[in-house]
1. Mind checking whether some residue in the stretch 120-138 is in a helix (DSSP H, G or I), away from ligand 3 (no atom under 16 Å from the Cβ), more than 24 Å from Cys90 (Cα to Cα) and in the same structural domain as Glu61 (by TED's automatic domain parsing)?
2. Restricting to the stretch 289-316, count the residues that are modelled with pLDDT of 95 or more and closer than 25 Å to Gly13 by Cβ.
3. What is the residue count in the stretch 24-51 for residues that are touching a strand residue (DSSP E or B) at 6+ places or on another chain (Cβ under 7 Å) and either open to solvent by 40 Å² or more (accessible area, probe 1.4 Å) or part of a strand (DSSP E or B) (or both)?
4. Which of the residues belonging to the stretch 213-248 are open to solvent by less than 60 Å² (accessible area, probe 1.4 Å), more than 10 Å from ligand 1 (Cβ to nearest atom) and within 15 Å of Ile187 (Cα to Cα)?
5. Counting only residues that are within 16 Å of ligand 1 (Cβ to nearest atom), open to solvent by 50 Å² or more (accessible area, probe 1.4 Å) and farther than 14 Å from Lys127 by Cβ, how many does the stretch 87-108 have?
6. Is it the case, given these coordinates, that His130 is under 19 Å from the mean Cα position of the chain (by Cα) and free of Cβ contacts under 8 Å to residues at least 12 places away in the same chain?
7. Val263 - would you say it is out of contact with any strand residue (DSSP E or B) (no Cβ under 7 Å at 6 or more places or on another chain), within 30 Å of Leu107 (Cβ to Cβ), β-branched (Val, Ile, Thr) and open to solvent by 50 Å² or more (accessible area, probe 1.4 Å)?
8. Sort through Gly99, Gly91, Gly59 and tell me the only one that's closer than 27 Å to Ala281 by Cα and touching a Phe, Trp or Tyr at 6+ places or on another chain (Cβ under 6 Å).
Amino acid sequence: MKAIMVTEPGKIGIIEKDMPSIQSANEVLIKIKAVGICGSDMHIYHGTNPMAVYPRVIGHEFVGEVVEIGSNVSSVKVGDPVSVEPIIYCGECYACRSGRQNVCEKLEVMGVHRDGGFQEYVVVPEKNAHKFDAHISWEEAVMIEPFTIAAQSTWRGDVRKDDYVFIMGAGPIGLCVLQYAKYKGAICIISDLDVDRLEIAKELGADYILNAGRVDVVKEVMEITKGMGANVTLDAVCITKTFEQAVEVTSVAGRIVVLGFGVEPSKIPQLPITKKELTIAGSRLQANKFPEVVELFNKKALNPKALISHRFKIDEIEKAIKLIETQEEKTCKVVLIF
Ligand SMILES: NC(=O)c1ccc[n+]([C@@H]2O[C@H](COP(=O)([O-])OP(=O)(O)OC[C@H]3O[C@@H](n4cnc5c(N)ncnc54)[C@H](O)[C@@H]3O)[C@@H](O)[C@H]2O)c1
Ligand SMILES: [Zn+2]
Ligand SMILES: [Zn+2]
């Protein structure tokens, strides 16, 4: 079968690989139909993801059809369309025992620590395969995984109805967070430097859009909220400056959620955190959010289609990567179709 492999940083290509087969009674064999290209796949390709191990079949946003099931499998059957939850965890460490298996001490992410979805077939444990309704197209279903990031981060930020929520960044993640926060009934302000992405945000229901290259976002959010500040600020830009702005712009009793993997320190004083009693939460991947997101997809409560900007066939991988590298601002979610 064909697979797309990053053999070492900067080198990607299609290889021939043996078909995987079911090894235990609780596994399922899936024929992959579509995968999304994510910023973190690009980081693995560029050699800037310290967690990646090479050579690697990348991809953690993938969906497909169940083609074979192990003898103990009961939640899915042959022919079912499924989205794959890409995390493997120990089930025993403190995080796992706390229902937070996304930060398991021994966490492995498919497409990062072990082979992922850029291949024709994959075998996963039954609990990682989440069935969705047949009316959802393969490319739309690719967005289930990015929306689980939004489910997790809005949960970490305890987004409530009528909260003022400030989303920094209108990339694929910021736009998923926006839709999720709107679904939860929040009033949403979103910033970006790119006017096209802000336009998409507006179409997806953003109450206020801010061009961070042209206006002082802290001042604008303060004005919109009549001096209160945002009750929840979610940083989907993830640079030192946005973290600093988040602490400044978040209201008393507010929550800040950071999603970044940067190692450069931000300059953040204790006073605003103590004085406003801010909660600052990290959000990584997701825990137990696939069923909730699949349910929202089944009900057509979210708009995944608006986030898909380009489609390529798998043998056009180099073309897809070139597009993202050279014209990133013109892309949103790029999907590979098998
Ligand atoms: N923690 C997690 O589980 C998780 C999962 C996925 C992605 N991420 C992280 O989330 C971030 C966003 O992901 P993405 O795929 O949407 O990335 P992206 O690069 O496509 O989007 C970032 C957006 O921020 C905008 N931007 C840049 N500087 C800005 C500023 N000063 N103010 C406002 N907007 C600004 C850019 O124009 C861009 O549209 C990345 O850092 C990624 O690593 C985290
Ligand atoms: Zn991703
Ligand atoms: Zn664990």
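The values are calculated or read from the model by the stated rules, or taken from the named source; none is laboratory data. Note that the structure is a prediction, hence the values are computed from the model and not measured. Cβ placement follows ideal geometry from the backbone for every residue including glycine, while neighbour counts extend to all protein chains displayed. We work out accessible area using only protein heavy atoms, side chains counted, and drop any ligands, DNA or RNA first. Shrake-Rupley method; radii C 1.70, N 1.55, O 1.52, S 1.80 Å.
1. Of all residues in the stretch 120-138, those in a helix (DSSP H, G or I) come to 126-128, 138.
Still in the list and also away from ligand 3 (no atom under 16 Å from the Cβ): 126, 138.
If we keep only those that are more than 24 Å from Cys90 (Cα to Cα) as well, we get 138.
Filter once more, so that each one left must be in the same structural domain as Glu61 (by TED's automatic domain parsing): 138.
Within the stretch 120-138, one or more residues are in a helix (DSSP H, G or I), away from ligand 3 (no atom under 16 Å from the Cβ), more than 24 Å from Cys90 (Cα to Cα) and in the same structural domain as Glu61 (by TED's automatic domain parsing).
2. Step one: filter the stretch 289-316 for residues modelled with pLDDT of 95 or more, giving 289-313, 316.
Narrowing the set further to residues that are closer than 25 Å to Gly13 by Cβ leaves 308-313, 316.
Result for the stretch 289-316: 7.
3. Quick first cut of the stretch 24-51, residues touching a strand residue (DSSP E or B) at 6+ places or on another chain (Cβ under 7 Å) only: 26-38, 44-45.
Imposing the further condition that a residue be either open to solvent by 40 Å² or more (accessible area, probe 1.4 Å) or part of a strand (DSSP E or B) (or both) reduces the set to 26-37.
Qualifying residue count, the stretch 24-51: 12.
4. Of everything in the stretch 213-248, those that are open to solvent by less than 60 Å² (accessible area, probe 1.4 Å), more than 10 Å from ligand 1 (Cβ to nearest atom) and within 15 Å of Ile187 (Cα to Cα) turn out to be Glu220, Val221, Met222, Ile224, Thr225, Gly229, Ala230, Asn231, Val232, Thr233.
5. 3
6. Numbers: under 19 Å from the mean Cα position of the chain (by Cα): yes; free of Cβ contacts under 8 Å to residues at least 12 places away in the same chain: no.
It is false that His130 is under 19 Å from the mean Cα position of the chain (by Cα) and free of Cβ contacts under 8 Å to residues at least 12 places away in the same chain.
7. Numbers: out of contact with any strand residue (DSSP E or B) (no Cβ under 7 Å at 6 or more places or on another chain): yes; within 30 Å of Leu107 (Cβ to Cβ): yes; β-branched (Val, Ile, Thr): yes; open to solvent by 50 Å² or more (accessible area, probe 1.4 Å): yes.
Criteria met by Val263.
8. Details: Gly99 fails: touching a Phe, Trp or Tyr at 6+ places or on another chain (Cβ under 6 Å); Gly91 fails: touching a Phe, Trp or Tyr at 6+ places or on another chain (Cβ under 6 Å).
That would be Gly59, the only listed residue that is closer than 27 Å to Ala281 by Cα and touching a Phe, Trp or Tyr at 6+ places or on another chain (Cβ under 6 Å).
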